[in-house]
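Step one of this worksheet: look at the structure below.
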Amino acid sequence: SGISNQHEKAVFRAVVETAPYFPGIGHRGDLLIDVACVALNRLSPRYVRHESDFAFFLSERERADLELAVSEAVEYAFGFVQARTAMRARG
């Protein structure tokens, strides 16, 4: 269809970069997918047709705000998935 959620690539990249800091999650692909889903659900979707369309219309401030929002969503998601995984292990 040519339409994508702009946050997906940024979230996937941030998940991969952050994974080494969460050893209980970082080596499990299924949990990394869960982290990405939780993070994406915390962000408002931004649908674009082309990557260049999105980048062209953003100011530097908007770009920085989006990077911060992605970073915060990914940090939250890792904590959330880590806590749920620990609860399941006890349960």
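When you look at PRO45, is it at pLDDT below 95, out of contact with any Ser or Thr (no Cβ under 6 Å at 6 or more places or on another chain) and loosely packed, with under 11 Cβ neighbours inside 10 Å, yes or no? In short, no.
Of the residues contained in segment 20-30, none is found to be among the aliphatic types (A, V, I, L, M), closer than 22 Å to SER4 by Cα and either within 17 Å of the chain's Cα centre (by Cα) or at pLDDT 95 or above (or both).
Beta carbons closer than 7 Å, at least 6 apart along the sequence or on distinct chains, pair a first residue in segment 20-43 that is farther than 13 Å from GLY79 by Cα with a second that is open to solvent by 50 Å² or more (accessible area, probe 1.4 Å) for LEU40/GLU8; ARG42/TYR76. How do the pairs read when you match residues in segment 61-89 that are in contact (Cβ under 8 Å) with a residue 40 or more places away in the chain and closer than 13 Å to VAL15 by Cα with residues anywhere that are open to solvent by 90 Å² or more (accessible area, probe 1.4 Å) and charged (D, E, K, R), using Cβ under 6 Å and keeping only pairs 6 or more apart or on different chains? Listed pairs, sorted by first residue: ALA73/ARG42. Based on this model, can you work out whether VAL11 counts as over 20 Å from MET87 (Cβ atoms), of a type in the set (A, V, I, L, M), out of contact with any strand residue (DSSP E or B) (no Cβ under 8 Å at 6 or more places or on another chain) and surrounded by 13 or more Cβ atoms within 10 Å (Cβ to Cβ)? For VAL11, the condition - over 20 Å from MET87 (Cβ atoms), of a type in the set (A, V, I, L, M), out of contact with any strand residue (DSSP E or B) (no Cβ under 8 Å at 6 or more places or on another chain) and surrounded by 13 or more Cβ atoms within 10 Å (Cβ to Cβ) - is met.
Selection within segment 63-91: residues that are at pLDDT below 95 and either touching a strand residue (DSSP E or B) at 6+ places or on another chain (Cβ under 8 Å) or hydrophobic (A, V, I, L, M, F, W, C) (or both). The member of this set that is most open to solvent (accessible area, probe 1.4 Å) is MET87.
The values are calculated or read from the model by the stated rules, or taken from the named source; none is laboratory data. Everything quoted here is computed from the prediction, not taken from an experiment. As a convention, Cβ positions derive from the backbone with ideal geometry for all residues, glycine included, and neighbour counts pool all protein chains shown. Just so you know, the surface numbers come from the protein's heavy atoms only, side chains and all, with ligands and any DNA or RNA stripped out. Shrake-Rupley method; radii C 1.70, N 1.55, O 1.52, S 1.80 Å.
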